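Working notes for the structure below.
The values are calculated or read from the model by the stated rules, or taken from the named source; none is laboratory data. None of these values were measured; they are calculated from a predicted model. All Cβ positions, even for glycine, are placed from backbone atoms using ideal geometry, and neighbour counts span all protein chains on display. Note: accessible area is taken over every heavy atom of the protein model, side chains too, but ligands, DNA and RNA are not part of it. Shrake-Rupley method; radii C 1.70, N 1.55, O 1.52, S 1.80 Å.
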Amino acid sequence: MIPRRILGVETEYGVLCASETDGQPLVDAEEAAHALFEPLLQRTRSTNAFLPNGARLYLDVGAHPEYATAECDDLGDLLANDRAGDALYADMAAQVDEQFPGGKLHLFKNNLDSYGNSYGSHENYLVRRRRDFRARIDSLIPFFVTRQIMVGAGFVEVTDDGPRYKISQRADIMDDAVSAATTRSRPMINTRDEPHGDAELYRRMHVIVGDSTMSDSTTALKIGSTEALINVIESGRRMTVRELADPVEAIREVSVDTTGRALVTLKDGSTMSALEIQREVYEFVVTHYEEEGWLAELDPIRRYVFDLWGRTLDALEQSAPERVATEIDWIAKWRLLGRYADKLGVNLADPRIARLDLAWHDITDAGLRPALERSGGLKKLMSAERIEEAKGIPPQTTRAKVRGDFVALAMENRRDFMVDWMNIRLLDDDGARHFTLKDPFAAADAQIDELMEHMDRA
């Protein structure tokens with residue numbers, strides 16, 4: 001049986017309050033972000049809140065709105081909860097537009113601003129606690145270095161030599177492969193030990209290297225392929241060792257080559273292309289899933305991930321990226337920007353191309369995604385109804401349901417409470433009632449049920 005695994009995504013958004021006449025900022029990002037969060041601050045007395053849908057919404061350092069999805073063990077739930085975060089922030093932005101006459105608040109699900117500042121999209125995978133944790137994640141570095149050829153967001157880099165399109169927005173700012181540091185370096189995998197669960201049983205693999213992606217299909221491939229690889233590794237199967245000579249240099253080289261054929265140097269002096277490494281990983285995973293009978297167990301979205309994984313590699317190997325141009329973010333955006341540039345008779349350095357690039361990542365009603373999804377220009381896996389439901393209802397198969405239901409009832413009854421990923425505390429006149437939820441897979445808890453009954457009676 002395929003192992004259950006807790007998955008989560010944290011997304012930081014860029015914020016801009018722009019004049020509707022010339023597009024120039026009306027206020028700085030910090031003022032715009034605080035205006036965005038003012039209603040939440042009035043309602044909860046905090047800019048950091050856990051929501052009834054199980055997720056966490058907060059204002060991060062650097063004036064970046066951030067959304068962390070609820071714990072999910074179903075990939076469809078994760079996609080819906082992630083899209084719900086975009087929708088919740090879009091609602092918040094619409095509510096504060098009237099505070100800036102002649103201006104509009106934009107929120108960008110990207111990873112670079114015009115000044116070169118970077119902000120992240122972090123993936124979380126719950127793994128079993130083992131002594132060989134470091135060796136296992138080290139073995140995954142070649143996969144993460146080259147995964148961008150399938151799941152990069154794409155961006156235009158403009159230099160003195162002119163513009164060029166690159167695959168990943170995060171590749172150039174990575175400066176380590178694996179590290180516990182969070183501020184002085186940007187590793188591809190962060191090893192800070194915060195399992196948000198029973199620390200004797202679990203660790204959390206915190207992946208920092210990925211780009212924020214707009215299409216459901218690319219997000220599904222990013223998370224689903226990684227989850228599948230972890231499942232195989234944790235089952236005891238070992239990949240062929242492919243230790244890179246310099247992972248930081250390699251990730252930059254891969255990002256520059258839109259054919260997927262960038263050669264990376266291994267520690268033994270040999271070279272492999274990004275496509276060769278990804279093909280090797282794909283076949284390694286598929287072989288194990290076939291032998292274990294897991295392919296037959298795949299739900300429809302995970303089955304789609306395996307199909308898209310293979311088709312994307314085929315398309316790149318056959319120099320036919322257009323075959324997946326509605327499903328893979330960096331290819332879809334590259335095609336859109338190129339067509340627009342051709343129509344205008346300009347190159348990718350033109351400011352109008354930069355504005356179109358920003359509109360691609362805009363999650364407000366000024367963004368391109370809804371129109372592209374309606375026209376078939378971007379694959380959509382999540383219906384509007386499922387996204388709307390995920391804005392208020394937590395995943396039903398994990399700890400998020402316990403926390404989300406508690407938060408919803410406490411807010412409804414105007415009770416003082418405090419929660420985090422593992423802890424629930426109800427503040428009563430006679431003191432605080434505190435409970436710890438150590439099992440992220442448990443979708444029910446008798447003590448919390450009793451606590452909620454107490455709230456209803458009070």
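Classify segment 90-176: rounded, prolate or oblate, from the alpha-carbon gyration tensor (a ≥ b ≥ c, eigenvalue square roots; a/c under 1.5 rounded; otherwise prolate if a/b is larger than b/c)?
oblate
Ignoring ligands, DNA and RNA, what percent of the 1.4 Å accessible area of segment 305-350 is carbon and sulfur?
47 percent
In the chain, with Lys and Arg counted as +1 and Asp and Glu as -1 at Cβ, which of these residues, Leu26, Gly154, Asn413, has the Cα nearest the positive end of the dipole, that is, farthest along it?
Among Leu26, Gly154, Asn413, the one farthest towards the positive end of the dipole of the chain is Gly154.
Sort out for me the Cα centre separation of segment 107-144 from segment 292-340, rounded to whole Å.
Here the two parts' Cα centres lie 21 Å apart.
Quick one: which residues, 5+ away or cross-chain, put their amide H under 5 Å from the amide H of Leu244? H built at 1.01 Å from N.
For Leu244, the qualifying residues are Lys267.
Go through segment 122-204 and name the GluC sites (Glu not before Pro) that are in a DSSP coil and have 13 or fewer other Cβ atoms within 10 Å of their Cβ.
Qualifying residues, ordered by number: Glu200.
From the cross-link list Lys401/Lys438; Lys333/Lys379; Lys222/Lys343; Lys267/Lys333, which pairs have alpha carbons spaced over 24 Å apart?
Lys222/Lys343; Lys267/Lys333
Which whole-number value in Å² is the accessible area per residue of the chain, probe 1.4 Å?
Accessible area per residue: 43 Å².
What does the charge dipole of the chain about its Cα centre add up to, to the nearest 20 debye, if the Cβ of each Lys and Arg holds +1 and the Cβ of each Asp and Glu holds -1?
Magnitude of the dipole: close to 720 debye.
Using the eigenvalues of the Cα gyration tensor, what equivalent ellipsoid semi-axes result for segment 399-457 when each is taken as the square root of five times the eigenvalue, whole Å, largest first?
18, 12, 10
What order do you get for 403-414, 237-248 when each peptide is scored by the mean count of other beta carbon atoms within 10 Å, highest first?
Ranked by mean Cβ neighbours within 10 Å, highest first: 403-414, 237-248.
For the chain, what does -39500 (n - 2.57) per DSSP helix run (n ≥ 4), summed and divided by total residues, give at 222 nm, in deg cm²/dmol to the nearest 500?
The helix contribution divided over the chain gives -13000 deg cm²/dmol.
So what J values fall out for segment 279-289 if you push phi through Karplus, 6.51 cos²θ - 1.76 cosθ + 1.60 with θ = phi - 60°, rounded to Hz, Gly and Pro as x?
Using θ = phi - 60°, the values come out as 5, 4, 5, 4, 5, 4, 5, 4, 4, 5, 4 Hz.
Could you sort 24-36, 165-177 so that the peptide with the highest average Cβ count within 10 Å comes first and the rest follow in order?
165-177, 24-36
Read phi for every residue in segment 371-388 and hand back ³J(HN,Hα) as whole Hz from Karplus 6.51 cos²θ - 1.76 cosθ + 1.60, θ = phi - 60°, with x for Gly and Pro.
Those phi angles translate into 5, 5, 5, 5, 7, x, x, 9, 5, 10, 9, 9, 6, 4, 5, 5, 5, 4 Hz.
Based solely on C-alpha atoms, express the radius of gyration and the Dmax of segment 129-266 in angstrom.
15.7, 53
Could you run the Karplus curve 6.51 cos²θ - 1.76 cosθ + 1.60 with θ = phi - 60° over segment 431-447 and give me ³J(HN,Hα) per residue in whole Hz, x for Gly and Pro?
Each residue's phi maps through the Karplus curve to give x, 9, 9, 10, 9, 10, 10, 8, 9, x, 8, 7, 8, 8, 8, 4, 5 Hz.
Given H placed on each backbone N at 1.01 Å, which residues far from Ile6 in sequence or on other chains put an amide H within less than 5 Å of it?
Amide H neighbours of Ile6: Leu126.
Give me the number: length gained by fully extending Thr287 to Asn413, i.e. 0.36 nm times residue separation minus the C-alpha to C-alpha distance, one decimal in nm.
40.1 nm
Compute the length gained on full extension between Tyr340 and Leu41: take 0.36 nm times their separation in residues and subtract their Cα-Cα distance, giving the result in nm to one decimal.
Gain on stretching Tyr340 to Leu41: 103.5 nm.
So if each residue of separation counts as 0.36 nm, and I subtract the Cα-Cα distance between Asp113 and Glu30, what length gain in nm does that give?
28.5 nm
At a 1.4 Å probe, what is the % contribution of carbon and sulfur to the accessible area of segment 399-457?
Reported share for carbon and sulfur atoms: 45 percent.
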